[in-house]
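Trainee: Have a look at this one.
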Amino acid sequence: MSAVMDDAALAAHLAESAGRILLLVRDSGLFAGKALGKAGDQVANQFLIHALREQRPDDGLLSEESQDTPDRLGKRRVWIIDPLDGTREYGEGRSDWAVHVALAIDGLPVIGAVALPGLDGGILLATDRAGPLPDAAARPRLAVSRTRPAAEALAVAEKLGAELVPMGSAGAKAMAVVRGEVDIYLHSGGQYEWDSAAPAAVALAHGLHASRIDGAPLVYNQRDVAMPDLLICRKDMADGLLAACRNSHIGGKDA
């Protein structure tokens with residue numbers, strides 16, 4: 001049955017399955033802390049890369065947990081995965097971690113799935129499961145890192161009078177916008193393609209704005225996989241946020 005899955009169904013199935021595997025590794029009780037994070041990263045990565053090589057042998061592949069090669073650069077279709085986004089949160093037994101599976105076609109984040117297995121019952125958000133967005137809050141809410149909120153995001157929040165909502169992984173923060181828990185995810189501290197490809201694809205499919213913080217489009221499968229900054233928000237907020245970024249002289253920088 002899996003051999004005839006379309007790309008969107010495959011992405012969703014892979015993200016959900018990897019999430020279940022990560023729960024099994026965590027619940028085994030054999031690992032804790034950093035060792036748990038390392039085991040989860042490696043096991044989920046092996047599952048995803050072997051499954052993709054079996055199901056889509058002609059496509060390119062970029063994973064956070066595998067050695068990158070230039071082979072993908074000549075491919076129109078490239079799968080971009082983060083087997084465990086939020087390794088620290090996962091290792092600490094928190095719920096705000098994710099699995100990212102995306103397919104970029106000609107550099108664009110066309111297909112994506114983000115699993116949030118740590119949440120009650122597990123949640124999957126995907127490009128082929130888009131629904132209406134919840135209503136926005138009266139006061140804007142901005143997701144920030146729970147451990148090291150970027151000064152630039154704090155400056156924009158102050159300009160907008162936004163409420164700060166700390167949480168863990170990039171995927172958890174991006175999907176909080178899709179789920180209506182926050183209205184904005186602005187990141188300027190340094191990321192890589194696997195941090196945002198699947199979240200951006202899902203956000204765009206749900207009718208949200210997703211771009212670089214200077215308004216440039218998100219382009220993937222580049223030789224340099226650094227993706228220093230990201231803005232995901234409701235479309236009606238995008239112009240004001242991009243202007244606030246420009247006025248604050250915000251630019252991407254290494255973490």
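Trainee: Pull up segment 170-191, narrow it to residues that are more than 15 Å from Leu124 (Cα to Cα) and assigned to a loop (DSSP other than H, G, I, E, B), then point me to the one that is most open to solvent (accessible area, probe 1.4 Å).
Mentor: Checked segment 170-191; the qualifying residue most open to solvent (accessible area, probe 1.4 Å) is Glu181.
Trainee: Looking at segment 110-121, can you tell me whether even one residue there is assigned to a loop (DSSP other than H, G, I, E, B) and among the acidic types (Asp, Glu)?
Mentor: Yes, that holds for at least one residue.
Trainee: Scanning for something small (Gly, Ala, Ser) and surrounded by fewer than 16 Cβ atoms within 10 Å (Cβ to Cβ), does segment 197-206 turn up at least one residue?
Mentor: Scanning segment 197-206 turns up no residue that is small (Gly, Ala, Ser) and surrounded by fewer than 16 Cβ atoms within 10 Å (Cβ to Cβ).
Trainee: What number of residues within segment 97-116 satisfy the criterion of being surrounded by 24 or more Cβ atoms within 10 Å (Cβ to Cβ) and of a type outside the set (A, V, I, L, M)?
Mentor: So the count comes out to 4.
Trainee: Working carefully through the options Glu54, Glu65, find the one that is touching an Asp or Glu at 6+ places or on another chain (Cβ under 6 Å) and either open to solvent by 70 Å² or more (accessible area, probe 1.4 Å) or in a helix (DSSP H, G or I) (or both).
Mentor: Only one candidate passes the filter, namely Glu65.
Trainee: For residues in segment 134-169 being in contact (Cβ under 8 Å) with a residue 60 or more places away in the chain and over 18 Å from the mean Cα position of the chain (by Cα), which is least open to solvent (accessible area, probe 1.4 Å)?
Mentor: Val156
Trainee: So which of Ala130, Ala126, Ala113, Ala102 ends up being closer than 26 Å to Ala12 by Cβ and touching a Phe, Trp or Tyr at 6+ places or on another chain (Cβ under 8 Å)?
Mentor: After applying the criteria, what remains is Ala102.
Trainee: Moving on to the next point. Hey, among the residues in segment 84-107 that are of a type in the set (D, E, K, R) and in a loop (DSSP other than H, G, I, E, B), which one's nearest to Leu204 (Cα to Cα)?
Mentor: Only one residue fits best here, namely Asp106.
Trainee: Let me ask something else. Check segment 118-130 and report whether any residue there is open to solvent by less than 10 Å² (accessible area, probe 1.4 Å), touching a strand residue (DSSP E or B) at 6+ places or on another chain (Cβ under 7 Å) and either acidic (Asp, Glu) or closer than 18 Å to Met167 by Cα (or both).
Mentor: no
Trainee: Taking only segment 68-96 into account, find how many residues are within 21 Å of Val144 (Cβ to Cβ), of a type in the set (D, E, K, R) and surrounded by fewer than 22 Cβ atoms within 10 Å (Cβ to Cβ).
Mentor: Here the count works out to 3.
The values are calculated or read from the model by the stated rules, or taken from the named source; none is laboratory data. It should be emphasised that the depicted structure is a prediction, and the values quoted were computed from it without experimental measurement. Don't worry about glycine lacking a Cβ; one is built from the backbone with ideal geometry, like all the others, and counts go over all protein chains shown. Note: accessible area is taken over every heavy atom of the protein model, side chains too, but ligands, DNA and RNA are not part of it. Shrake-Rupley method; radii C 1.70, N 1.55, O 1.52, S 1.80 Å.
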